[in-house]
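The values are calculated or read from the model by the stated rules, or taken from the named source; none is laboratory data. Values in this document were obtained by computation on a predicted structure and should not be read as measured data. Note that we place each Cβ from the backbone using ideal geometry, even for glycine, and neighbour counts take in every protein chain shown.
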Amino acid sequence: MDTALTLTTDMKLVLGLVVFTMVMFVFERVRADVVALVVLVLLGLSGLVAPEAIFNGFSSNAVMSIIATMILGAGLDRTGALNRLAAWLLRRSHGVEERLLMLTGAVAGLNSSVMQNPAVMALYLPVASRISSRTGLTLPRLLLPLATAIVMGGSLTMVGTSPLILLNDLLLAANSNLPSGAASLVPLQMFATLPIGLALLATSLLYFRFFGNKRLHEGVGKGATPARTQSYFANAYGIEGDVYELTVTADSPLVGMSLGEAESLHEAPLILAIRTQDDARLSPSADSRIWVGSVLGAMGPKRQVADFAQNQMLRMSSRLRVFGDLFNPSRAGISEAVVPATSKFIGKTARDLHLRKVLGLSLLAVNRDKKVVREDVRNLPLRAGDMLVLHSIWTNLADASKGKDLVVVTDYPKGEQRPHKLKVALGIFALAMLLALSSRLPVSVALMTGVAGMLLTGVIHIDEAYAAISWKTVFLMACLIPLGWAMDSSGAAAWVAGHSIERLPDGTPAWLLQLLLGLLTTAFSLVIGHVGAAIVMVPLAINVALAAGGNPTVFALVVALSASNNFMTASNPVISMVTGPAGYTSKELWRVGGPLSLAYTGIAVLMVNLVF
């Protein structure tokens, strides 16, 4: 490569736009997506990118892949897959902190290999909150290890992170500007980075197992969803324990009783569901009859439920085989609602109102004048200002809140949950991944095939799909992609690469150049984010490789991986999502994330050279 390139006007304009972008991102006076749009317009006005190509970023494979992964992730979320996963993690860890951290981090990392990292973190925040409330493991000791595992796991596939999704597009774009005689750059296959991702994920898990977690503070943290955790309702209302399945035997005295009669028995637990024959109902009416073979969903401390089961000759199971879908936290749970002064409920009891039969709401307790009433609560006349503690399906709660008789104060999933579509969603997702492995189809087409399948089978509706897309991310990426093209086509990347190589000692090994590029990309990502860092640095890395006689694909891959190597600041969207709930300080993030970031760079360079 010619290292004596003349700095042209076009090069100066492109480098000026890069500096402008960095300065605007640092001071944050204007939103990042607006800055990206301004840069796109300036590229068009200056002629650095042809008018017919200026908006091609919006139709690029990278952007379409980002949109597809967001929708696929939302489809899986609608089925409650991760809530089931949380229950599995709790069972497998047996309350041991080290095992819980390792399991949760490993599974979250695997999830992030096929979904966008911020989406995975958003799905795992309530999971982490639930785990924290159930085990006593504080959020500060849980969230940062979880976030880093998600970031590391994104490198398992070429669709796990935005920089890796961008990489193939940038490699193809670079082909038009390669010097004569240079071999064309070939896009990487779906699982090309799998060994690298496994090494990085293992590094994250081991780092927090033996070192990092000792440097995190022990504070309680602010909590991710405090109004929905079991600890909140246990402390405020004395509602404790888990849900158990009780099967009615032929010798049980409950046979022939109504549910209301069973609930009135001494030391009876809360009965929240019943299945008779093939009919399973949550919040069943008090006149529902109990027969041989009926299954009751009872909530309470294990000892209380076990004693009740023994006294009433019931078979007890702690595993929810019958009511798994009904009690899925994405579908149902405990909430609080206030009785307003205009409510028609005032002066009436829950029995009079038939709350379970008409509205599908089970009344668990009433908070009146700071006094909690739990005994014979269904016969208590309601007053204005009463705080009702309810158990219900979220859709039933949403229907009840549409009237003027109850004001729900708990944050709960507003969208319709479809746990019965879980197997369909997983099957479609697996098919999309298999198609992505095919070299005949672009990854974006394979992923969009999965989106179409989920829409056609009703896993997710089209309006929900639109709502799942982060348009800020889409605009940021689509508007900055032409800046990467301009860096390459104008010769600015080649000029910077050539002059950088000239200033290094002769015979500098390729691995050292990659290490320096990785550290520089990490520094850029702290300032302009992972998307901006990848777009600016990948063309530069390709030209450095050409100037030094190295493999351009290897150099570009090191940069794309390093663009996500930010565990110290909120410019990484995953880290920004956990900083508030866990109460991390900037000093703490640098103290814990700094060494991990250095280890990330070293292992990324080592593994890329071993694999490629």
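Taking the listed residues Ala425, Ala398, the one that is small (Gly, Ala, Ser) and in contact with a Ser or Thr (Cβ under 6 Å, 6 or more places away or on another chain) is Ala425, with no other qualifying. Is at least one residue of segment 58-80 in a loop (DSSP other than H, G, I, E, B), at pLDDT 80 or above and buried (at least 21 other Cβ atoms within 10 Å of the Cβ)? The answer is yes, given that some residue of segment 58-80 is in a loop (DSSP other than H, G, I, E, B), at pLDDT 80 or above and buried (at least 21 other Cβ atoms within 10 Å of the Cβ). Thr601 meets the conditions (1) part of a helix (DSSP H, G or I); (2) surrounded by 24 or more Cβ atoms within 10 Å (Cβ to Cβ); (3) not aliphatic (A, V, I, L, M) in every case but one. The failed one is (2). Among the numbered conditions (1) touching a Lys or Arg at 6+ places or on another chain (Cβ under 8 Å); (2) surrounded by 20 or more Cβ atoms within 10 Å (Cβ to Cβ); (3) not small (Gly, Ala, Ser), the only one that Met387 does not meet is (2). With respect to the conditions (1) in contact (Cβ under 8 Å) with a residue 12 or more places away in the chain; (2) closer than 16 Å to Tyr244 by Cα, Arg303 lacks only one, and its number is (1).
Test Val531 against the criterion of being surrounded by 24 or more Cβ atoms within 10 Å (Cβ to Cβ) and of a type in the set (Val, Ile, Thr), and give yes or no.
Working: surrounded by 24 or more Cβ atoms within 10 Å (Cβ to Cβ): yes; of a type in the set (Val, Ile, Thr): yes.
Yes; evaluated as a whole, the condition is true for this residue.
Considering segment 426-485, the residues that are under 30 Å from Leu15 (Cβ atoms), crowded, with 19+ Cβ neighbours inside 10 Å and β-branched (Val, Ile, Thr) include one that is modelled with the highest pLDDT, namely Ile481.
Criterion first (surrounded by fewer than 20 Cβ atoms within 10 Å (Cβ to Cβ) and either touching a residue at least 24 places away in the same chain (Cβ under 8 Å) or under 22 Å from Glu267 (Cα atoms) (or both)) does Arg374 satisfy it?
Working: surrounded by fewer than 20 Cβ atoms within 10 Å (Cβ to Cβ): yes; either touching a residue at least 24 places away in the same chain (Cβ under 8 Å) or under 22 Å from Glu267 (Cα atoms) (or both): yes.
Here the answer is yes, as Arg374 does meet what is asked.
Assigned to a loop (DSSP other than H, G, I, E, B), of a type outside the set (Val, Ile, Thr) and under 18 Å from Leu326 (Cβ atoms): does that describe Ser285?
yes
Within segment 131-141, being more than 13 Å from Met577 (Cα to Cα) and either modelled with pLDDT under 80 or of a type in the set (A, V, I, L, M) (or both) holds for Ile131, Ser132, Ser133, Arg134, Thr135, Gly136, Leu137, Thr138. For segment 534-579, a residue qualifies if it is aromatic (Phe, Trp, Tyr) and in a loop (DSSP other than H, G, I, E, B), and exactly one does: Phe567.
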